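Asker: Quick one: the structure is below, questions incoming.
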Amino acid sequence: MWLFNEISELYTPFDRVENAAMVVDAGRVVWVGPAAELPDAYLDDVTLVSLRNRAVLPGLVDSHTHLVWAGSRVDEYLRRARGETYEAILEAGGGIHNTVHATAAASEGELFAGVLDRARYMLTQGVTTLEIKSGYGLEAEQELKMLHVIRRLASETPQHIEPTLLAHVIPTGWDRREYVEMFCRRLIPEVAREDLATAVDVFCDRGAFTLEETRRLFEAAAEHGLACKVHAEQLTHTGATRLAAEMGALSADHLEQTTPADWQALAASSTVATLLPGATVVLRKHLPDVRGMLDTGVKIAIATDHNPGSSPFYSLLLCLQFGIALGGMSAEEALIAGTVHAADALGLRDHGRLTRGAVADFLVVDSPHALAALYPWGKSVAAEVYVGGERFRISD
Ligand SMILES: [Zn+2]
């Protein structure tokens, strides 16, 4: 057992505890609270770790990433900087299709080296749980290749990795009805059987899948015991958010074009609304009315949407800061969006929080004030990162 003490301030993240202590056993939190209230029973047989009057936050949870990819989209980035739109580039056969070609050409070893590098960098920034989607394969064998790379990463990084099968776009040369049937009858069953993903995500938008195709894919996922997620109302309004709420999806993500009626549907459901301000800012778009969503009772998470095209973001903290600056969130709301709500968006009830029984993933902030983590822009203040109660050495 480990007793972490001399914690100036700790966020669970729902509660703020001053002069806190936390007891960890077998990788989980067994007690957390004000040090003065620590039961004597925990003082026997513990290894004491002083955090020297610094603050503690739950490990960050990035609940929406496309972290496995090859190639570069810098040319597209520069074209967009000159005013071309993401949609026009995609419709002309660029965008996602460039990454699909490069990812198909890369070996599993090359893809693994790339994703390991990105995941480790994110760990140094305090991200202890990561969702990673396939979706640059499109063809079944290539989608499976991506999921195998994600599985290997899960066994080689201390982070908890949650793999998702993504139905991204219809590949060129396919009849769309036949592709959806291949996805539903072959790919989803095989992924479920091999335990390669816990959820199916669908990009429901213009240029990708229709609402009816999304429903069909959701039904196939549910039939095989996989959860559902959706890229919803990013470029156009399709009704995907209400479908997600109706079908009990884990999350509906993006939501730039959502309406108050969509927010009401989300608020009445268990579906988490995941905002991706990285993509919003890079594509020069606008976040939805975040305050309006919060006031309607929507549960909001924030993620990086890391991908080589619309969101080359490595910093979840920076995305939380956008939530504050552009979305009108308080620092406390942003912290909750990047920890406990993000874990809920993955169906993980024991991550993203420091409460009894939860996995002891946390970061030590280089300050007596926990929310100082959200103060400097572009600089990580994670002095130490613990995963399952064990310290990850940032300098390694
Ligand atoms: Zn995405």
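The values are calculated or read from the model by the stated rules, or taken from the named source; none is laboratory data. As the structure is a computational prediction, the values presented were derived from the model and not from experiment. No Cβ is skipped: glycine too gets one built from the backbone with ideal geometry, and neighbour counts run over all protein chains shown. The area values use the complete protein model at the heavy-atom level, side chains included, leaving out ligands, DNA and RNA. Shrake-Rupley method; radii C 1.70, N 1.55, O 1.52, S 1.80 Å.
Asker: Taking region 257-283 as the region of interest, how many residues are open to solvent by less than 30 Å² (accessible area, probe 1.4 Å) and closer than 18 Å to Asn307 by Cα?
Answerer: Count: 8.
Asker: What residue, of Thr274, Thr304, Thr258, is in a strand (DSSP E or B) and out of contact with any Lys or Arg (no Cβ under 6 Å at 6 or more places or on another chain)?
Answerer: Step by step, each of Thr274, Thr304, Thr258 is checked, and only Thr274 is in a strand (DSSP E or B) and out of contact with any Lys or Arg (no Cβ under 6 Å at 6 or more places or on another chain).
Asker: What is the one condition in (1) over 30 Å from Arg216 (Cα atoms); (2) surrounded by 22 or more Cβ atoms within 10 Å (Cβ to Cβ) that Thr129 does not satisfy?
Answerer: (1)
Asker: Here is a further query. From Thr241, Thr210, grab the single residue that is free of Cβ contacts under 8 Å to residues at least 40 places away in the same chain and within 21 Å of the chain's Cα centre (by Cα).
Answerer: That would be Thr241, the only listed residue that is free of Cβ contacts under 8 Å to residues at least 40 places away in the same chain and within 21 Å of the chain's Cα centre (by Cα).
Asker: Ok, one more. What number of residues within region 43-58 satisfy the criterion of being among the hydroxyl-bearing types (Ser, Thr, Tyr) and open to solvent by 50 Å² or more (accessible area, probe 1.4 Å)? If you could, list the steps in order and put the result at the bottom.
Answerer: Of the residues in region 43-58, the ones among the hydroxyl-bearing types (Ser, Thr, Tyr) are 47, 50.
Now drop any that are not open to solvent by 50 Å² or more (accessible area, probe 1.4 Å), which leaves 47.
Qualifying residue count for the region: 1.
Asker: OK, next. Could you please give the count of residues in region 163-181 that are within 21 Å of the chain's Cα centre (by Cα) and open to solvent by less than 20 Å² (accessible area, probe 1.4 Å)?
Answerer: Qualifying residue count for the region: 6.
Asker: State which residue pairs qualify: first residue in a helix (DSSP H, G or I) and inside region 374-394, second residue open to solvent by 40 Å² or more (accessible area, probe 1.4 Å) in any location, beta carbons under 8 Å apart, and separation of 6 or more residues or different chains.
Answerer: Here the result reads Leu374/Ile324, each pair linking region 374-394 to a residue that is open to solvent by 40 Å² or more (accessible area, probe 1.4 Å).
Asker: Next question, about the same structure. Being touching a Phe, Trp or Tyr at 6+ places or on another chain (Cβ under 6 Å) and open to solvent by less than 10 Å² (accessible area, probe 1.4 Å) is the filter here; which residues of region 59-82 pass it?
Answerer: Selection gives Gly59 alone.
Asker: Listed residues Ala325, Ala268, Ala261, Ala252; which is modelled with pLDDT of 95 or more, of a type in the set (A, V, I, L, M, F, W, C) and in contact with a Leu (Cβ under 9 Å, 6 or more places away or on another chain)?
Answerer: Result: Ala252 is the single residue among Ala325, Ala268, Ala261, Ala252 that is modelled with pLDDT of 95 or more, of a type in the set (A, V, I, L, M, F, W, C) and in contact with a Leu (Cβ under 9 Å, 6 or more places away or on another chain).
Asker: Any residue in region 303-321 that's touching a residue at least 40 places away in the same chain (Cβ under 8 Å): show its pairings with residues that are open to solvent by 10 Å² or more (accessible area, probe 1.4 Å) and among the hydroxyl-bearing types (Ser, Thr, Tyr) at Cβ separation under 7 Å, as long as the two are six or more apart or on different chains.
Answerer: Hits for this filter: His306/Tyr314; Pro308/Ser72; Ser310/Tyr86; Tyr314/Tyr121; Leu317/Ser380.
Asker: Within region 237-244, is there a residue that is touching a Cys at 6+ places or on another chain (Cβ under 6 Å), modelled with pLDDT of 95 or more and either open to solvent by 20 Å² or more (accessible area, probe 1.4 Å) or within 15 Å of the ligand (Cβ to nearest atom) (or both)?
Answerer: Within region 237-244, one or more residues are touching a Cys at 6+ places or on another chain (Cβ under 6 Å), modelled with pLDDT of 95 or more and either open to solvent by 20 Å² or more (accessible area, probe 1.4 Å) or within 15 Å of the ligand (Cβ to nearest atom) (or both).
Asker: Further, regarding this structure: Could you say which residue among Val46, Val29, Val68 is among the β-branched types (Val, Ile, Thr) and over 22 Å from Phe4 (Cα atoms)?
Answerer: From the options Val46, Val29, Val68, the qualifying one is Val68.
Asker: Something else: Hey, among Glu9, Glu84, Glu18, which residue is touching a residue at least 60 places away in the same chain (Cβ under 8 Å) and among the charged types (D, E, K, R)?
Answerer: Just one listed residue meets the conditions, Glu9.
Asker: Let me ask you something else. For region 302-347, name all the residues that are under 17 Å from Phe14 (Cα atoms), open to solvent by less than 20 Å² (accessible area, probe 1.4 Å) and more than 16 Å from the ligand (Cβ to nearest atom).
Answerer: Hits for region 302-347 are Leu320, Met329, Ala334, Leu335, Ala337, Gly338, Thr339, Val340, Ala343, Asp344.
Asker: For region 136-185, which positions are charged (D, E, K, R), away from the ligand (no atom under 16 Å from the Cβ) and touching an Asp or Glu at 6+ places or on another chain (Cβ under 9 Å)?
Answerer: Lys145, Arg151, Arg152, Arg176, Arg177
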